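Heads up, the thing below is written out as structure tokens.
Only the coordinates and a few stated rules stand behind these numbers; no lab work does. Worth saying up front: this structure is predicted, and the values here are computed from it rather than measured. Every residue, glycine as well, gets a Cβ built from its backbone with ideal geometry; the counts of neighbours run over all protein chains shown.
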């Protein structure tokens, strides 16, 4: 009897020991990711910060590393993102609304749903091949800002659709029923009541999608983005009539990640410092957007209690 | 008694017009939803269309068995095997990092971590997924490779090992967050039943929660594999652009994706055979991810637990 008790105690001690060991191992493996993140950011900042200056932000690329800058790259990124946002946000939110509020349970809905899930898993470079074949050569849009923006729009579409659906699903049915009871039509209920409640969460998804697009390199290389551009596209606002110009849509372009890739793949170490500096700017953009999204989600979760 | 009148800001639509408007909106929304189907059709259409012209010139047998890939040389060879080996080796290295670390992290976050720690760590891991891949490539080439070279003397500057390791760290969040969701959705009474039998947290996690959540965890692994197979910039920067048939991760080798990048960087005439090679490579890539996904779908169906 005594011996049995001893045995049981031994087993308990051993089990607890294993559990403690696992807790440490678990914490460590979580930390691997976080430590890598910190190392990466620190490494980039140490290499890149000395190179970062006003001159770097306002110069075109150059053969001399100390004169080169990222003006064309960040202007390109901003312009491409504008096209992406204009194309992806309405279509993405509309698809999300259809799938969540309108779609009946039939094979067509199932097909669309499977499609959205699958598209989210398609490698990004495949979107580049699609754009190369379809936009550049079939539709003759050329290797332009418009092509790049549309390509990235296709890429972020699944993200926007999925978050829109989640946001709409979180709005309780009582809101819809109250609107119907007041005589609202289906669309009025959605537009006046459901959407305003969910717009914050949708915005989070849009920001995350766009931050993914900002860092995306491969599909834009595939459609033939240039790496050496020493001029800016036409400004969208002009002094003379009709004041707005869309010729920037047809301009050739480069973007931040492509500029960085170009510098990384050069053998001279000075260019690699430039790459690090471009990386610092890029990472500030994407991490800033991600942090904003995480903060928004946190605030929404705290504010809204159904 | 004062007559109260409701002030209408806009004139209400007639019931008929209202119905028409509702229907029009629904059709518009439906068309938007169809855009995703159109995208899929367009992807498959373009890839197959361009590949067909490619496979008219190069036989499928040749494509699958030739051990050299050198479409840009005078002595052109079109064997996908070197690119396939590069893709598989980098993926294997990445998974051997991401699967154990991601799974342990998920078990820890779901069953062990205190609430506050989890609330802090999850967003941090999400940030990891928000870093552009080109930055990871820079990190792999200029930080991880020199670091590995301090104890692996003969490691070349471009190698699949460092690219794979960095890629593995990149996909940890994908693996861990999806598996954590799967484990947290295991009903509480299973945990309580296990505790009531005297099991520790660890025993419960490994012998009750993990098996119950295995279908969701499989889905997480498949997601990780798809990411790794399709990852482009890290391998293009850190593993080199030279197609080599090798299974040794210490070597330099191009993946399918890296090949597409290296061709796109040059200026290939539209419609040439070299131009079509990237579509054939892309089709191979899509088929690979498709096979993994179907495999994962059946695997997770096979092991799905019903509560």
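In the stretch B:230-272, the convex hull through the Cα atoms has an average projected area of 3.6 nm², a quarter of its surface area. Extension gain, residue B:57-residue B:250: 0.36 nm per intervening residue step, less the Cα-Cα distance, totals 66.0 nm.
Legend: Rg and Dmax of the stretch A:69-145, from Cα coordinates, 16.3, 54 Å. Note on the stretch A:2-50: Kirkwood radius taken over Cα pairs, Stokes-Einstein applied at 4 °C and 1.567 mPa s, translational D equal to 93 µm² s⁻¹.
Remark: relative contact order (the stretch B:81-302) = 32 percent; criterion is Cα-Cα distance under 8 angstrom and separation of 6 or more residues. Given a 10 angstrom Cα cut-off, can you work out which residue in B:276, B:68, B:149 is the most mobile in a GNM of chain B? Greatest mean-square fluctuation among the candidates belongs to B:149. GNM on chain B, alpha-carbon springs under 10 angstrom: the most fluctuating residue among B:18, B:116, B:184 is B:18. A Cα-only calculation for chain A places Rg and Dmax at 25.3, 100 Å. Multiplying the residue separation of residue A:181 and residue A:3 by 0.36 nm and subtracting their alpha-carbon distance yields 56.8 nm.
Return the whole-Å distance between the Cα centroid of the stretch A:23-75 and the Cα centroid of the stretch B:130-154. About 13 Å separates the Cα centre of the stretch A:23-75 from the one of the stretch B:130-154. Springs join every pair of Cα atoms under 10 Å in this Gaussian network model of chain A, and among A:39, A:151, A:77 the largest mean-square fluctuation is at A:39. A Förster distance of 35 Å, applied to the separation of the beta-carbon atoms of residue B:81 and residue B:117, puts the FRET efficiency at 0.15. The spacing between the stretch B:66-127 and the stretch B:196-219, judged by their C-alpha centroids, is 25 Å. Just how far, in whole angstrom, is the stretch B:252-266 from the stretch B:164-195 if you go by their alpha carbon centroids? Spelled out, the Cα-based centre of one part sits 34 Å from the other. For chain B, what log10 I(q)/I(0) values come out of the Debye formula at q = 0.08, 0.16 1/Å, with one point per alpha carbon and no solvent? Taking Cα atoms of chain B as identical point scatterers yields -0.52, -1.27. Take each residue in B:227-238, count the other chain C-beta atoms within 10 Å of its C-beta, and the mean is 4. Overall shape of the protein assembly as shown was characterised from the C-alpha gyration tensor. The equivalent ellipsoid obtained from it has semi-axes of 38, 38, 25 Å, in decreasing order. Note on the stretch B:229-307: Rg/Rh from C-alpha atoms, Kirkwood Rh, equals 1.14. Relative to the current alpha-carbon distance between residue B:38 and residue B:73, full extension at 0.36 nm per residue lengthens the span by 8.9 nm. Taking each DSSP H run with n ≥ 4 as -39500 (n - 2.57) and averaging over every residue of chain A yields -23000 deg cm²/dmol at 222 nm. Per-residue shielding of B:101-109, expressed as the average number of other chain Cβ atoms within 10 Å of the residue Cβ, stands at 5. Which FRET efficiency value, to the nearest 0.05, do you get for residue B:273 and residue A:140 by plugging their Cβ-Cβ distance into 1/(1 + (r/R0)^6) with R0 = 25 Å? My answer for the efficiency is 0.65. If R0 equals 45 Å, the separation of the Cβ atoms of residue A:15 and residue A:42 corresponds to a calculated FRET efficiency of about 0.70. In plain terms, the residue of A:166, B:180, A:100 with the fewest other Cβ atoms within 10 Å comes first and the most crowded comes last, giving A:166, A:100, B:180. Take each residue in B:21-27, count the other chain C-beta atoms within 10 Å of its C-beta, and the mean is 4. Using a cutoff of 8 angstrom between alpha carbon atoms and counting only pairs six or more residues apart, the relative contact order for the stretch B:198-307 works out to 35 percent.
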